[in-house]
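One structure below.
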Amino acid sequence: MAKKQFKAESKRLLDLMINSIYTHKEIFLREIISNASDAIDKLCYLSLTDDKVGLDRGDFKIEITADKDARTLTVSDNGIGMDKDELENNLGVIASSGSYKFRQEAEQKEDIDIIGQFGVGFYSAFMVADEITVVTKKYGAETAYRWQSSGADGYTVAECEKDSVGTDVIMHLKADTDEEKYSEYLDGYRLYELVKKYSDYIRYPIRMLRPTRRVKDGSDPEKPEYEYVDEMTTVNSMVPLWQRPRGEVTDEEYEKFYQSIAHAFDKPQRVITASVEGAVTYKALLFIPSQRPMDFYSEGYEKGLQLYSAGVMIMDYCDALLPDYLRFVRGVVDSPDLSLNISRELLQHDRQLKVIGNSLEKKLRADLEKLLRDDREGYEKFYENFGRAIGFGIAGPDGLSRKEALQDLLLFYSSTEKKLVTLREYVDRMPESQKYIYYAAGENVSAIDHLPQTELLKDKNYEILYLTGETDEFVLQMLGKYADKEFRSIVDGELDLGGEEEKVLDEKPELMQFVKETLGDKIKEARASRRLKTHPVCMTAGEGLSFEMEKYFKNFQMPTPVKADRILELNTDHPAVQAMEAAMTSDRAKAELYAKILYDQALLIAGLPLEDPSEYTDLVAELMK
């Protein structure tokens, strides 16, 4: 029998497909099963108009058989099969696809889900097999054919015997090497794992031998003996959870499914389902975890949703479906409308993904808004876990386009309410005389609450938002204002409270110049303070970069250290400042000692590191003499 050459370019093309297109060798089983499912789809579709098919939907199946002695793995289907010409055209021409042609010719395209559009999935089997034999008989034909190939050196086609319609793909596995153990694809449990991972939701039964426990024949009924016998068993679920009406799925089923795809032990806090028909048709099943994963903020955290097309897994972590601020969401999206590339691992283009992603983003935001509205305690629990991610949606890329949609999901601790509040709740409580939304940033609520700068606002009963998250200040800067009220830091810049606090101060220019000369480049300037009441000193950063931002940037390797301006504000009515002023003429060295101590105290209050802690203790000790 003469060997025919592939009508594709050369061995190089086949090698490229085998070694480069697919990321993991185990994908081959998914591809062969998907081809079998496509073949059944075609015959099932034909049976709608041809009563001679003689098969109901429940009669179709895919069988997997492993023969360890012969080192063969066989995937069989009772689909439409192929005749000689189709074998030549589909398997003799690399990157030709009968499924694609069938879909083009079918009149009711919207009712057909066939993803084998590129004709290279079959050749993925050469990643694990050194020879492939295809035995096939087309529906309505009398003759069966055998296609056989060992790779790019060509193939043979010959008539053969086959009783039933359909196709058997027989893969002779390569010999094991130190690097690759191809024998694993003959192990029943490993095959079961791969079917469950990649093909669990193929709509037809996938059957294979599985050990089943049963009572031994002839054993005593009162003391039965058991044995394990291999029985042909359906191993795939066929109907995925996301295809079933929500009312037909139990909480326990959702919980188990979430734990399996998220590799988690917690229960999902929220379960969100979506079934959309329109520009792109898809179904989705999404979960919000009840606990933040340990590695959530690490580089090793894998974000993304599982992506399916027609029940076949395409990607385990598709990170293009949701924006980064929703990376905590786990779940599945299944769409028959996806344009796949030749490996089915990536998308040919992302138009459909963008449409689906935009829809899912709106759905998730609406669910979070509902949670905030209907279950405040539950939302605060969610925010404790993932609030920083919501803030990143505003402070990160594309934040300007999202800030209107996300600003009402933010929570901050309130100085007056002593709990987390929304910006809307803050603004609704503002007295008419209050011009700004005031805030202060710090490491924790207690540290912020003891800042000297809070005193005047507390006296006026003005509410202050305490920002304890690393990026909270960036978020407010991106927002700029809320409900036409600008944000203003009580630590930096002027408070602009109005009334007595804005009275003209004695600026004490000589004292301020003395402090500046004493401290030199440690501060940008010294000034009389309008914001201090009972405390002698505080440190402010002026406009622009704040101290909390400076601390944040220290976490990164910056070419040039980022440092906020240091402006030392002095309460000229405080006895300590007045003592320093008096010492300027009577004991200048002591006045300099006072200035240095007040500077270090201001750093401590601001949560900034002392430049020389030993020097500070020496200064205090000197003062005690």
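The values are calculated or read from the model by the stated rules, or taken from the named source; none is laboratory data. All of these numbers come straight from a predicted model, not from anything done at the bench. Note: ideal-geometry Cβ built from the backbone for every residue, glycine included; neighbour counts use all protein chains shown. When the accessible area is computed, the model is the full protein with side chains, heavy atoms only, and any ligands, DNA or RNA have been set aside. Shrake-Rupley method; radii C 1.70, N 1.55, O 1.52, S 1.80 Å.
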Among the residues in region 474-490, are any farther than 28 Å from LEU420 by Cβ and not acidic (Asp, Glu)? no
Output the residue which, of all residues in region 59-81 that are of a type outside the set (D, E, K, R), open to solvent by 20 Å² or more (accessible area, probe 1.4 Å) and at pLDDT 95 or above, is farthest from ARG203 (Cα to Cα). ALA70
So which pairs qualify, if the first residue must be in region 300-315 and without any contact (Cβ under 8 Å) to a residue 40 or more places away in the chain, the second must be open to solvent by 20 Å² or more (accessible area, probe 1.4 Å) and charged (D, E, K, R), the Cβ gap must be under 6 Å, and the two must be at least 6 apart or on different chains? TYR301/ASP295; LYS303/ASP319; LYS303/ARG327; GLY304/ASP319
Exception for SER546 within (1) in contact (Cβ under 8 Å) with a residue 40 or more places away in the chain; (2) surrounded by fewer than 20 Cβ atoms within 10 Å (Cβ to Cβ); (3) under 30 Å from THR471 (Cβ atoms) falls at (2)
Number of the exception - ASP230 against (1) assigned to a strand (DSSP E or B); (2) surrounded by 12 or more Cβ atoms within 10 Å (Cβ to Cβ): (2)
Name the single residue, out of those in region 451-468 being under 12 Å from TYR438 (Cα atoms) and of a type in the set (D, E, K, R), that is most open to solvent (accessible area, probe 1.4 Å). LYS458
Which residue is surrounded by the fewest Cβ atoms within 10 Å (Cβ to Cβ), if the candidates are limited to region 309-335 and must be out of contact with any Pro (no Cβ under 7 Å at 6 or more places or on another chain) and at pLDDT below 85? ASP316
Pick from region 166-180, criterion surrounded by fewer than 22 Cβ atoms within 10 Å (Cβ to Cβ) and β-branched (Val, Ile, Thr), ranking: nearest to ASP69 (Cα to Cα): ILE170
Tell me which helices (runs of 4 or more DSSP H) are completely within region 362-436 and hold 1 or more residues being closer than 25 Å to ILE448 by Cα, or say none if there are none. 376-395, 423-429
Please report, ordered by residue number, the strands (runs of 3 or more DSSP E) entirely within region 245-328 with at least 1 residues that are over 26 Å from ARG351 (Cβ atoms). 268-276, 282-289
Does region 532-546 hold any residues that are at pLDDT 85 or above and not hydroxyl-bearing (Ser, Thr, Tyr), and which are they? LEU532, LYS533, HIS535, PRO536, VAL537, CYS538, MET539, ALA541
